[in-house]
Amino acid sequence: MNLSAGMAFQILQSLFVVLAAPLLVGWVNQCRAWLQNRSAPSILLPYFTLAKLFHKDAVMAHDASPLFRSTPYILFGCMWLAAGIVPVLATDLPFAPAADIIALVGVFALARVFSALAAMDIGTSFGGLGARREMLIGFLAEPAMLMTLFTAAFISGSTQLTTIVETLAHREFAIYPSLAFAAVAFVMVLLAENARIPIDNPTTHLELTMVHEAMILEYSARHLALIEWAVAIKLFAYMTIGIALFVPWGIAEAGDWESLPLAFAALAAKLVLAGAGLALIETLLAKLRLFLAPEFLSTAFLLAVLGMLTHFLVRS
Amino acid sequence: MDFLSSPLAGSLLVAVGWLVVAVAGLIPAGNAAFARRVAFPLGALAGVALAAFGLQAVWLPAQTMTLPLGLPDLPFHLRIDPLAGFFLMLLGSVSAGISVYSTGYFREEPSGRLALISLQYHVFLASMAFVLLADDAYLFMVAWETMALASYFLVITDHQKPATRSAGFLYLLIAHLGAIAILLCFGVLHGGRGDYTFEALRAAELTPLWATVAFLLAFFGFGAKAGMIPLHAWLPEAHPAAPSPVSALMSGIMLKTAIYGMVRVIFDLIGNVRWEWGLVVLAIGAGTTLFGVLYALMQHDLKRLLAYHSVENIGIILLGLGMSMVFIGFGHPAAGALGLIAGLYHTLNHAVFKGLLFLGAGSILHSTGLRNLNDMGGLIRIMPRTAFYFLIGALAISALPPLNGFVSEWLTFQTALQAPLLQNGVVRSLLPLFAATLALAGALTAMCFVKVYGIAFLGRPREPAHGASTPTSGDAGQMERYGMAWLAAGCFVLGLFPSSFLLMLNRVSVSLTGGGLSEEALSGSGWVWLVPTAAEQASYSPIIFFVVIVVVTLLAFLLVRHFYHGRVRFAAPWDCGYPEQTSRMQDTADAFGQPIRHVFGPLYRMDRRLPGPDDPAPSYALKIEDRHWYWLYLPVARAAEFLSSKIALLQQGRISIYLLYSFLTLIALLVFVR
């Protein structure tokens, strides 16, 4: 396929991710409401919230620095970039070779550092508290995430996400023990990185427990909207990474335009299941005490390492 | 010989030029303006020239020269090859920024002292150049010791303070322990043949046992200078004691000469690298990395914190070198070259961003007089430019794309991912674990620099300990800013155009080990793409990455502005319904590290005093100390004191007793020597 068609597809796919991400959040919220015997809000509620926030006037603390004002855009840009790297519908992404899985983890780290810095900018006690906790979770989750991705990289002999997905999609349907370990670790990291129960609760504003919400307490209006949107894209990106690594079947191959509708249907079905699964996890589990988070995440890390070692053992 | 076309002669000229500048600073001793206006700018120019010569040398075959100096029959040998060229480039380019900065930084220094600082500073630079140029053990040791002494005198610039003097003593002591090990290593390599040129040492045939002894001596000897554990204790003492440009010079460049020595001796002089050595380097490197960053997180003195980060980064460099040795030992030269390149690339990166960070710390110290993070806050409003440069350095050291720290860590990860090549199953599964250590350290570094930046530059000014508001003299001066801008630009260049440096380092690796990257990697790496092995295995394009992230961020901004509005209202921060908040309620540096203390508690030596429930005057104290002091340094110091007190019994202070000793010695000699 020629490059310009590839570029067009690349841009369309990242736009699709950016626009569809709030829908996934709406779906997760809906499932959670059903599971908790509440009447569910509309699945489109996140879009309404974003529209409302964009129309409001931003309120900012007197001594907010330029860093505080630019961070929402940087976060949004980082997540948009991530949306461009992950193969969602097809593995044919001309931009993907520019950033591999390690760079992808780097993008998430960049976003995390900026949001933590912005949280400390105003100088309230909550901001620092949130930043500190977020970095704690981040440094525990990042190695676990890398080890998970390395397991997949060892299996396919590449750190390009597109190559990994192509290799893994062609394998026969069998359970790889290494991937099974990695999948469990990945789900744990996903929960932690996306501020989900049991590590964090996206709906709480209780000072004893909040992590992510404490960081964005000073944001309002369009800045808050951008951050919320970036958070939605991040969840979408993580879910599609998980899908690409562990259940890649159905994704369109390079140049195979006819199978795009099928890929779209497969992706929708997988995301519906994954969203429901996330809601189920969030309903069944209770939030962990902050200092149990290291245990949770080091378990994830050890599982990922175990997965990698299993790969070496089974292979040799 | 045409001087300008020969990098060796040019580099020699620069080194001698530095010596001349050093001495010239002494002559108009009453005129501090001379050192500031002439000596340091000339030193910076010489640095730029040296960088150009070094760059040229990387692409040329090795050149040698013999100087008719030194002892009779023992002249100085000089040689420049791609490895030396690369390090000369590092020395020249980084020192240029620091010299420019010094022009501004030392503006209030009294005249006599400034002349002395200029003398020691330039002698220090020249001695580092000679270390890199030396081609025999004799010149190498002379330059090495000159370097140690010059930097010792620079460290004790503020010698009126007892803490500075003891920091200097500790530095000198460990530097000399290292020097003895290096000397012994040269002795082992030399094997009694009477020829100390590196050429003869290279040609020496060693048994595996002696080769391993030489390796260990070199590794620990140079490691003492580089600051790897457990020989790192001098770093967090000496760096805060020295003036900031000197800290930048020591941490950015001098530690790198130790890496140079390590690479030169292990890969070049000893040769025949064994994979077991690689495992030793990896184990120490991983320990150094983790230990450095964990202790850095506990510091509240900005310069001590940066010093512990230097320890950490030396560990990262050692991880790259260690992986390289493992791969070369198992006979995979391409993967070995990749590891070596990753290590050397990180050496250059660390020099640039750590130099920048120390200079930033210097500007803070200069403007506010503060080194303790807990007294700072909100500096971004007082010193916005310094804050900008410091942010670049902080992002670079945190290994965030698209800056330079990320590139070298990415290359190290890629080296670790070559592990399936290895024949030995245990080593194969160990390598990814070292990569995991690196990942953990990278994320911890990010946490630490969020802490530094958030506490020092963001938030509101915390009141200093005694209630007075922080006095400041505004942003950094012009020359200081130029120096920082030079290094900050280096962070971008090294981060965005890594391929040209990859090709350069590939040349270093080929000349040193005979092995380079695969053909596919070299043909795949152009301006835009960085390809360490093969394009379908891994690639990274920082420039595309950077452009895309800037474009989408701007696009987001413009779209929001276009479809909505940019209205802002200003208000007081949200106070949770509790209006009496003060700036003292912000997080402090110690509080920020509290989760780490909780998770990694057993690794620290903590002494915590908590107030009781009915304490009338409650106080809270926490002291965290380096464990290495207690298991290594203090026992050794006590043993040394015990031994010397026993030996001191010989010294009675009476002439008759000393005559008796002479008499006994004579008798003994008469018995044994016929």
Open item on the list: Just to be sure I understand, how many residues within region B:232-286 are of a type in the set (Asp, Glu) and farther than 12 Å from residue B:171 by Cβ?
Closed with: 2
Task: Meets criteria (in contact (Cβ under 8 Å) with a residue 40 or more places away in the chain and either buried (at least 24 other Cβ atoms within 10 Å of the Cβ) or in contact with a Gly (Cβ under 7 Å, 6 or more places away or on another chain) (or both)) for residue A:106 - done: no
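In region A:116-128, which residues are more than 7 Å from every other protein chain (Cβ to nearest Cβ) and either in contact with an Asp or Glu (Cβ under 7 Å, 6 or more places away or on another chain) or in a loop (DSSP other than H, G, I, E, B) (or both)?
A:126, A:127
Okay, residues lined up against (1) part of a helix (DSSP H, G or I); (2) touching a residue at least 60 places away in the same chain (Cβ under 8 Å); (3) not acidic (Asp, Glu):
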{"site": "B:533", "(1), (2), (3)": "no, yes, yes"}
{"site": "B:548", "(1), (2), (3)": "yes, no, yes"}
{"site": "B:553", "(1), (2), (3)": "yes, no, yes"}
{"site": "B:557", "(1), (2), (3)": "yes, no, yes"}
{"site": "B:574", "(1), (2), (3)": "no, no, yes"}
TODO: Would you confirm whether any residue within region A:37-58 is closer than 24 Å to residue A:115 by Cα, surrounded by 17 or more Cβ atoms within 10 Å (Cβ to Cβ) and among the small types (Gly, Ala, Ser)?
DONE: yes
Open item on the list: Please go through (1) closer than 20 Å to residue B:291 by Cα; (2) touching a helix residue (DSSP H, G or I) at 6+ places or on another chain (Cβ under 7 Å) for residue B:594 and return the number of the only condition it doesn't satisfy.
Closed with: (2)
Open item on the list: Among the residues of region B:619-639, are any within 14 Å of another protein chain (Cβ to nearest Cβ), of a type in the set (Ser, Thr, Tyr) and within 23 Å of residue B:374 (Cβ to Cβ)?
Closed with: no
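Going residue by residue through region A:60-76, is there one that turns out to be farther than 30 Å from residue B:387 by Cβ, out of contact with any Leu (no Cβ under 8 Å at 6 or more places or on another chain), assigned to a helix (DSSP H, G or I) and of a type outside the set (S, T, N, Q)?
Taking region A:60-76 as the starting set, the residues that turn out to be farther than 30 Å from residue B:387 by Cβ are none.
Among the residues of region A:60-76, not one is farther than 30 Å from residue B:387 by Cβ, out of contact with any Leu (no Cβ under 8 Å at 6 or more places or on another chain), assigned to a helix (DSSP H, G or I) and of a type outside the set (S, T, N, Q), which makes the answer no.
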Task: Complete set of residues in region A:60-81 that are hydrophobic (A, V, I, L, M, F, W, C), in contact with a strand residue (DSSP E or B) (Cβ under 8 Å, 6 or more places away or on another chain) and at the interface with another protein chain (Cβ under 7 Å from one of its Cβ atoms) - done: A:60, A:61
- [ ] Considering (1) within 8 Å of another protein chain (Cβ to nearest Cβ); (2) within 22 Å of residue A:294 (Cβ to Cβ), say which one residue A:144 fails and leave the rest.
- [x] (1)
- [ ] Only residues that are more than 14 Å from chain A (Cβ to nearest Cβ) and either more than 12 Å from residue B:457 (Cβ to Cβ) or not in a helix (DSSP H, G or I) (or both): list them for region B:368-402, please.
- [x] B:369, B:370, B:371, B:372, B:375
Open item on the list: I'd like the full set of residues that are surrounded by fewer than 21 Cβ atoms within 10 Å (Cβ to Cβ) and in a loop (DSSP other than H, G, I, E, B), limited to region B:65-93.
Closed with: B:72, B:73
Task: Selected residue (only one of B:88, B:83, B:74 is touching a residue at least 40 places away in the same chain (Cβ under 8 Å), touching a Gly at 6+ places or on another chain (Cβ under 7 Å) and not acidic (Asp, Glu)) - done: B:88
TODO: Identify the single condition in (1) more than 7 Å from chain A (Cβ to nearest Cβ); (2) under 30 Å from residue A:150 (Cα atoms); (3) over 31 Å from the mean Cα position of the chain (by Cα) that residue B:552 does not satisfy, given that it satisfies every other one.
DONE: (1)
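A quick yes/no check of all residues on (1) closer than 29 Å to residue B:370 by Cβ; (2) buried (at least 23 other Cβ atoms within 10 Å of the Cβ):
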site: B:195; (1), (2): no, no
site: B:203; (1), (2): no, no
site: B:218; (1), (2): no, yes
site: B:235; (1), (2): yes, yes
site: B:243; (1), (2): yes, no
site: B:276; (1), (2): no, no
- [ ] Determine the pairs where a residue that is of a type in the set (S, T, N, Q), located within region B:159-187, has a partner that is in a helix (DSSP H, G or I) with Cβ atoms under 6 Å apart, the partner being 6 or more residues away or on another chain.
- [x] B:164/B:156; B:164/B:158; B:164/B:241
- [ ] Would you point out the residue of region A:114-133, among those that are under 21 Å from residue B:599 (Cβ atoms) and surrounded by fewer than 24 Cβ atoms within 10 Å (Cβ to Cβ), that is modelled with the highest pLDDT?
- [x] A:133
Open item on the list: I need every pair where a residue in region B:272-293 that is of a type in the set (D, E, K, R) has its Cβ under 8 Å from the Cβ of a residue that is modelled with pLDDT of 90 or more and buried (at least 24 other Cβ atoms within 10 Å of the Cβ), sequence separation at least 6 or different chains.
Closed with: B:274/B:215; B:274/B:325
Open item on the list: Please return the ranges of helices (runs of 4 or more DSSP H) entirely within region A:138-243 where 3 or more residues are among the small types (Gly, Ala, Ser), in contact (Cβ under 8 Å) with a residue 12 or more places away in the chain and surrounded by fewer than 20 Cβ atoms within 10 Å (Cβ to Cβ).
Closed with: none
Open item on the list: I need the full set of residues from region A:96-115 which are at the interface with chain B (Cβ under 7 Å from one of its Cβ atoms) and out of contact with any Pro (no Cβ under 6 Å at 6 or more places or on another chain), in order please.
Closed with: A:97, A:98, A:99, A:100, A:102, A:107, A:109, A:110, A:113
Task: Filter result for residue B:568 (facing chain A (nearest Cβ under 7 Å), modelled with pLDDT of 85 or more and in contact with an Asp or Glu (Cβ under 9 Å, 6 or more places away or on another chain)) - done: yes
Task: Among residues of region B:585-605, those that are more than 10 Å from chain A (Cβ to nearest Cβ) and under 23 Å from residue A:118 (Cα atoms), counted - done: 2
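The values are calculated or read from the model by the stated rules, or taken from the named source; none is laboratory data. Source: prediction; values computed, not measured. All Cβ positions, even for glycine, are placed from backbone atoms using ideal geometry, and neighbour counts span all protein chains on display.
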